[in-house]
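The values are calculated or read from the model by the stated rules, or taken from the named source; none is laboratory data. Just so you know, these numbers come straight off a predicted model, no measurement behind them. Cβ placement follows ideal geometry from the backbone for every residue including glycine, while neighbour counts extend to all protein chains displayed. Just so you know, the surface numbers come from the protein's heavy atoms only, side chains and all, with ligands and any DNA or RNA stripped out. Shrake-Rupley method; radii C 1.70, N 1.55, O 1.52, S 1.80 Å.
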Amino acid sequence: MGTAAAAAADVVIPACAAVGIAFALWQWFLVSKVKVSAYAAAPDNGHHGGPVFRMEDEDEDVGMGGGHDDDEEEGAGDRNVAEARCAEIQSAISVGANSFLFTQYKYLAAFTAIFAVVIFLFLGSVHRFSTDSRPCQYTSGRTCKPALANATFSAIAFLLGAATSAVSGYLGMRIATYANARTTLEARRGIGAAFTTAFRSGAVMGFLLASLGLLVLYGTIKAFGLYYGDDWEGLYESVTGYGLGGSSVALFGRVGGGIYTKAADVGADLVGKVERNIPEDDPRNPAVIADNVGDNVGDIAGMGSDLFGSYAESTCAALFVASISSPGAGHDFAAVAYPLLISAAGLLVCLVTTLLATDMCKVRTVRGVAPALKLQLVVSTVLMTVAALVVSFAALPANFTLFDFGEVKQVKNWHLFFCVAIGLWAGLAIGFTTEYFTSNAYSPVRDVADSCKTGAATNVIFGLALGYKSVIVPVFAIAVSIYVGFTLASIYGIAVAALGMLSTVATGLAIDAYGPISDNAGGIAEMAGMSRRIRQRTDALDAAGNTTAAIGKGFAIGSAALVSLALFGAFVSRAGVADVNVLDPKVFVGLLVGAMLPYWFSAMTMRSVGSAALRMVEEVRRQFAAIPGLMEGRAAPDYARCVRISTDASLREMMPPGALVLLAPLLAGTFFGVRTLAGLLAGALVSGVQIAISASNSGGAWDNAKKYIEAGASDHAKSLGPKGSDAHKAAVIGDTIGDPLKDTSGPSLNILIKLMAVESLVFAPFFAAHGGLIFK
């Protein structure tokens with residue numbers, strides 16, 4: 001049975017990845033059928049030196065008020081003009097995003113090359129770069145490959161993970177910038193067509209990333225296996241470098257992209273909305289293009305790399321623990337590859353779920369947008385539960401043994417099914433809790449909006465309180481997952497629980513990417529001077545997208561907590577630490593310092609956003625003062641200068657936080673030893689999760705409170721508005737404070753706790769052999 005099951009696994013895993021890639025390409029083809037053409041007949045309105053965005057013009061009814069009241073009134077000429085403007089705006093956003101990512105990736109290429117050498121030198125020095133075979137650490141009586149081979153293959157795996165993470169971010173950015181204007185143009189046909197285009201575009205990103213990650217990891221295992229042969233212990237130890245590479249790039253992508261987007265967003269909002277009282281995404285605002293570029297490099301490319309890192313790390317942790325179990329010792333590939341099979345099944349489940357939204361149960365009204373997205377979460381969770389049950393009984397033996405922490409634990413296949421299921425449903429609970437605290441359909445956000453009546457101070461107080469309260473349910477959900485996972489299958493149970501939460505990552509990413517695409521679509525509609533009805537449709541998509549983005553961050557943070565704990569367990573096992581006793585002063589010192597690191601990291605990223613936003617505000621003010629006719633719409637602003645400010649600031653400011661995260665485990669392990677490092681990881685995990693959840697949800701609530709007032713969809717909202725009222729200005733200030741919390745510091749913290757843990761796992765042999773210089 002083992003040989004047949006292994007052969008089946010070798011077929012199923014790459015086949016599912018291929019199906020996922022094919023489905024993504026098919027969705028991309030469907031999106032491409034919406035044509036965006038720059039018509040030569042488009043008037044230039046007398047403006048030169050910049051894109052032809054929406055300006056007041058005596059010959060066209062597309063002034064600052066929003067154009068025609070009804071899009072059905074547009075003639076062929078108006079449609080051609082709108083398409084030409086959309087094409088130009090899309091091109092400007094795409095060029096800015098491409099320029100930033102290519103520049104960022106040049107820096108990251110140099111970093112990954114240097115860090116790969118560091119990995120090789122540290123791990124190779126464990127046994128003085130010996131080429132002699134050595135006794136296996138976990139399987140007695142067997143001989144494993146030389147330590148030098150592990151150092152070499154760990155460095156190669158690191159480079160592969162970094163490359164895959166970079167490609168994931170780039171592909172996500174490409175499809176987002178390809179789809180934003182198409183979503184805008186489809187809004188002319190109705191809310192359903194626009195939703196389908198935006199969601200299909202998000203699905204392209206989700207399926208490409210999930211399929212690519214699965215395929216490259218499977219290919220890496222098979223390629224490395226040609227050298228390692230029967231040495232599965234060394235094989236899966238070296239593969240952990242793949243997760244380290246993915247998270248390293250994700251950290252810089254998240255921090256750099258977050259600084260970029262929030263510097264532009266804060267600058268655009270403070271001067272445009274508060275000082276000049278002009279609408280969001282108004283083309284007169286010099287920072288508007290940089291703001292829209294930031295949505296793609298931060299919320300799309302950054303999130304893509306982030307969730308890829310979580311997937312890679314959870315899979316690598318599970319594979320490593322499985323390799324030292326009885327299936328690993330018996331070379332049962334189907335059982336060891338159980339994490340890969342769960343991910344493969346998740347792709348098929350997400351495919352069915354996506355078709356449900358785009359083809360079977362189409363959105364037809366504005367009210368149907370949010371329920372359609374919520375249905376994706378529920379259906380994918382239910383179907384994945386069934387799929388996990390099938391995979392668990394098909395791939396795993398009825399009984400097997402796990403070896404970790406020096407103990408032997410008997411595990412049944414249904415135990416692992418429950419571990420996957422608890423991770424899945426905990427993710428759903430976190431998602432719904434996040435929605436409750438960040439959607440303006442519920443009382444928490446409406447209470448925050450109501451607090452704006454008495455000014456910005458009370459708005460900030462209510463928003464902070466909401467964020468702190470929103471931590472309660474997610475932490476309990478994570479705690480239950482940890483307890484159930486560890487009770488049933490020790491540290492392996494926690495690893496597969498994390499994988500369960502990420503098994504529907506294709507759908508999660510589709511929902512998350514839908515938000516920034518819709519946000520960009522609304523901005524393009526505003527800048528292109530399209531009709532008020534089209535703007536209302538894109539605003540409805542954007543409002544739902546804000547909540548889904550918050551849900552995506554909740555999933556990322558929740559999975560990061562489980563992934564980090566699984567990596568922590570693998571590190572303790574690989575480093576040979578029998579127990580972690582908090583009464584040990586070496587451990588407690590690490591615990592305190594580790595709990596402090598998320599605050600230090602947040603301070604660095606918040607200050608980076610603040611200093612970059614300060615320069616952006618000064619530049620926007622300068623242009624309004626120095627360019628005659630800009631406020632009246634008779635002259636075009638210098639968008640490129642604001643894009644350059646965000647690019648330069650993000651590339652410069654992303655280095656110190658990244659250095660903090662990467663150096664902390666290296667310094668702690670080298671100078672203070674593995675026990676202090678274990679405390680450091682535990683402290684960072686416990687405090688980092690709390691801060692990340694509260695920061696993300698406070699920021700999301702402030703954002704949607706502002707949009708609630710702007711939409712004026714209820715009597716209560718109308719009593720707080722309209723735009724430009726004192727309550728609205730207070731809401732804008734709250735939103736501005738929340739921007740770096742929800743899009744820079746908060747999301748980056750989950751990478752901090754994962755990256756520190758996986759880095760410690762990769763370098764564990766060095767720390768165990770040579771660490772603790774000071775305490776020794």
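When nucleic acids and ligands are ignored and a 1.4 Å probe is applied, Lys362 ends up with an accessible area of around 110 Å².
Between segment 435-484 and segment 291-322, the C-alpha centres lie 25 angstrom from each other.
Provide Arg364, Arg532 ordered by accessible surface of protein heavy atoms (probe 1.4 Å), highest first.
Working: Arg364 185, Arg532 100 Å².
From most exposed to least exposed: Arg364, Arg532.
Taken about its Cα centre, the chain carries a charge dipole of about 1600 debye when Lys and Arg each add +1 at the Cβ and Asp and Glu each add -1 at the Cβ. Which label marks the calculated value of P(r) over Cα pairs in 20 Å bins from 0, in percent, given the options [x] 13, 34, 26, 19, 8, 0; [y] 16, 46, 32, 6, 0; [z] 18, 51, 26, 5, 0? From the options [x] 13, 34, 26, 19, 8, 0; [y] 16, 46, 32, 6, 0; [z] 18, 51, 26, 5, 0, the structure gives [z].
Between Val352 and Ser714, the distance separating the two model label sites (each 7 Å from Cα on the Cα→Cβ line) works out to 3.7 nm. Which whole number in µm²/s is D for segment 180-249 by Stokes-Einstein, with the Kirkwood Rh taken over Cα pairs at 10 °C and 1.306 mPa s? Translational diffusion coefficient: 106 µm²/s. Per residue, the solvent-accessible area of segment 129-190 (1.4 Å probe, heavy atoms of protein chains only, all protein chains present) comes to 38 Å². In percent, rounded to a whole number, the relative contact order of the chain is 20, using alpha-carbon pairs under 8 Å and six or more apart. Counting heavy atoms of the protein chains alone, Met360 has an accessible area of about 120 Å² for a 1.4 Å probe. Alpha carbon centre of segment 88-127 versus segment 495-538: separation in Å? Value for the Cα centre distance between the two parts: 26 Å. Between segment 630-694 and segment 539-614, the C-alpha centres lie 12 angstrom from each other. Shape class of segment 238-371 from the Cα gyration tensor (axes a ≥ b ≥ c, square roots of the eigenvalues): oblate, since a/c reaches 1.5 or more and a/b does not exceed b/c.
The C-alpha atoms of the chain define a longest principal axis, and helix 301-323 lies at about 10 degrees to it. Computed with every protein chain present, the accessible area of Arg652 is close to 120 Å² [probe 1.4 Å]. Normalised by the number of residues in segment 317-416, the mean separation of alpha-carbon contacts (under 8 Å, six or more apart) gives a relative contact order of 34 percent. Neighbours of Lys453, meaning other residues whose beta-carbon lies under 15 angstrom from its beta-carbon, give a summed charge of 0 when Lys and Arg score +1 and Asp and Glu score -1.
Starting from the Cα gyration tensor of segment 374-413, take the square roots of the eigenvalues, sort them a ≥ b ≥ c, and report rounded, prolate or oblate (rounded when a/c is under 1.5, otherwise prolate if a/b is larger than b/c, else oblate). Because a/c hits 1.5 or more and a/b fails to exceed b/c, segment 374-413 counts as oblate. By the beta carbon rule, with partners counted only under 4.7 Å, the chain holds these lone Cys residues: Cys16, Cys86, Cys316, Cys350, Cys361, Cys419, Cys452, Cys642.
May I ask you to give the percent of accessible area on segment 433-568 that is carbon plus sulfur, with a probe radius of 1.4 Å? Carbon with sulfur: 67 percent of the solvent-accessible area. Angle of helix 232-268 to the longest C-alpha principal axis of the chain, folded into 0 to 90 degrees and rounded to 10: 20°.
Give me the angle, in degrees from 0 to 90, between the Cα long axis of helix 413-438 and the longest principal axis of the Cα atoms of the chain, rounded to the nearest 10. Roughly 30 degrees, rounded to the nearest 10.
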